[in-house]
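Notes follow the structure.
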Amino acid sequence: MSFDLITTAQLGIVLEREAYSETFDFVGGEDSNGKAYTFSDGCGIISPDYCRKVVDDLKLGNCLPCCFQIRFRGYKGIVTMNKLFDIVKEWAEKNDKNTGHREDGSLPWYQQSLVFRESQKKFYGPKSKHLEIVKISAPISVSMNKPLINILDQVSEMHGPEAHKRMCNRIHDLLEEHVDSAISPLYDETSASLTLNEFPKYIPYHRLKDFYLTEEPFLRSLLRSSALVSLR
């Protein structure tokens, strides 16, 4: 493990010098101070093959993240998987293009594992060959809110009536599921028991079996408060 003031990283697999390079950033426009935006700030690219090697090294099974937060020597930031590596490599092989080492000993970019951006070079670090993995992309549970729903509504409308209708139907389905899960503890004993067991364990709710949980005044008040909080 490697430590710094902010994050910890897991030591990854070896990254040889010929397997990475540095390229330019996408820059354009101006901010309020007249300084150009760096649209690719801190964002490099990684080949699908190297992604699989990292996954195997981290023992992630069938999971194949598309984005990694990394540290390597003086480079910091994220790298995203780019299938252009495989597409160009396949084209070069079919057309008998030179896919070997160049005169300077480096490989063509599409045969490399990573391509860093200039903006990712923060300092000159030690000459380590190991790529450090800080975080990987993964699905997480999220809650929808009004701004997010508005964005989904407006963006899907720009993609045509079918996409907009599909998005609206999905949002309505999720709303119905949420409302049903919020109010079902008020009339369903099983749902009431599950909801009460999510509360702090001051009362052994799982042992209350001699009466209806949904009819006991105190417990019903707890269930009602839980439903109101969930629906807000």
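The values are calculated or read from the model by the stated rules, or taken from the named source; none is laboratory data. Fair warning: this is a prediction, and the values are worked out from it, not measured in the lab. All Cβ positions, even for glycine, are placed from backbone atoms using ideal geometry, and neighbour counts span all protein chains on display.
Among the residues of region 179-223, those that are touching a residue at least 40 places away in the same chain (Cβ under 8 Å) and within 21 Å of Ser143 (Cα to Cα) comprise Val179, Ser181, Ala182, Ile183, Pro185.
Would you tally the residues in region 26-50 being among the small types (Gly, Ala, Ser) and in contact (Cβ under 8 Å) with a residue 60 or more places away in the chain?
Residues of region 26-50 that are among the small types (Gly, Ala, Ser), as a first pass: 28-29, 32, 34, 36, 40, 42, 44, 47.
Right, trim to in contact (Cβ under 8 Å) with a residue 60 or more places away in the chain and you get 40, 42, 44, 47.
Summing the residues that are among the small types (Gly, Ala, Ser) and in contact (Cβ under 8 Å) with a residue 60 or more places away in the chain in region 26-50 gives 4.
Please verify whether Lys121 is among the basic types (Lys, Arg) and over 23 Å from Phe26 (Cβ atoms), treating the condition exactly as stated. Criteria not met by Lys121. Between Ile87, Ile78, the distinction of being β-branched (Val, Ile, Thr), loosely packed, with under 13 Cβ neighbours inside 10 Å and modelled with pLDDT of 85 or more belongs to Ile87 only. All told, Lys83 falls short of being closer than 26 Å to Thr38 by Cα, free of Cβ contacts under 8 Å to residues at least 60 places away in the same chain, assigned by TED's automatic domain parsing to the domain that holds Ser21 and in contact with a Gly (Cβ under 8 Å, 6 or more places away or on another chain). Being more than 22 Å from the chain's Cα centre (by Cα) and either at pLDDT 90 or above or at negative phi (or both) holds for only one residue in Asp49, Asp56, Asp25, Asp41, and it is Asp25. Pairing each residue of region 128-150 that is more than 24 Å from Cys168 (Cβ to Cβ) with any residue that is surrounded by 14 or more Cβ atoms within 10 Å (Cβ to Cβ) and among the small types (Gly, Ala, Ser), provided the two are 6+ apart or on different chains, yields C-beta distances under 8 Å for His130/Gly12; Leu131/Gly12; Glu132/Ala9; Glu132/Gly12; Ile133/Ala9; Ile133/Gly12; Val134/Ala9.
Of all residues in region 185-232, those being among the acidic types (Asp, Glu) and within 30 Å of Asn145 (Cα to Cα) number 3. For region 65-75, taking the residues that are part of a loop (DSSP other than H, G, I, E, B) and under 16 Å from the mean Cα position of the chain (by Cα), the one that is surrounded by the most Cβ atoms within 10 Å (Cβ to Cβ) is identified as Pro65.
I need the full set of residues from region 35-64 which are assigned to a loop (DSSP other than H, G, I, E, B), among the small types (Gly, Ala, Ser) and within 23 Å of Lys122 (Cα to Cα), in order please. Full working, then the answer.
To start, the set of residues in region 35-64 that are assigned to a loop (DSSP other than H, G, I, E, B) comprises 35-36, 39-42, 47, 59-64.
Filter once more, keeping what is among the small types (Gly, Ala, Ser): 36, 40, 42, 47, 61.
Within region 35-64, Ala36, Ser40, Gly42, Ser47 meet the criteria.
Right, Ile149: surrounded by 12 or more Cβ atoms within 10 Å (Cβ to Cβ), under 20 Å from the mean Cα position of the chain (by Cα) and within 20 Å of Glu16 (Cβ to Cβ) or not? The answer is no for Ile149.
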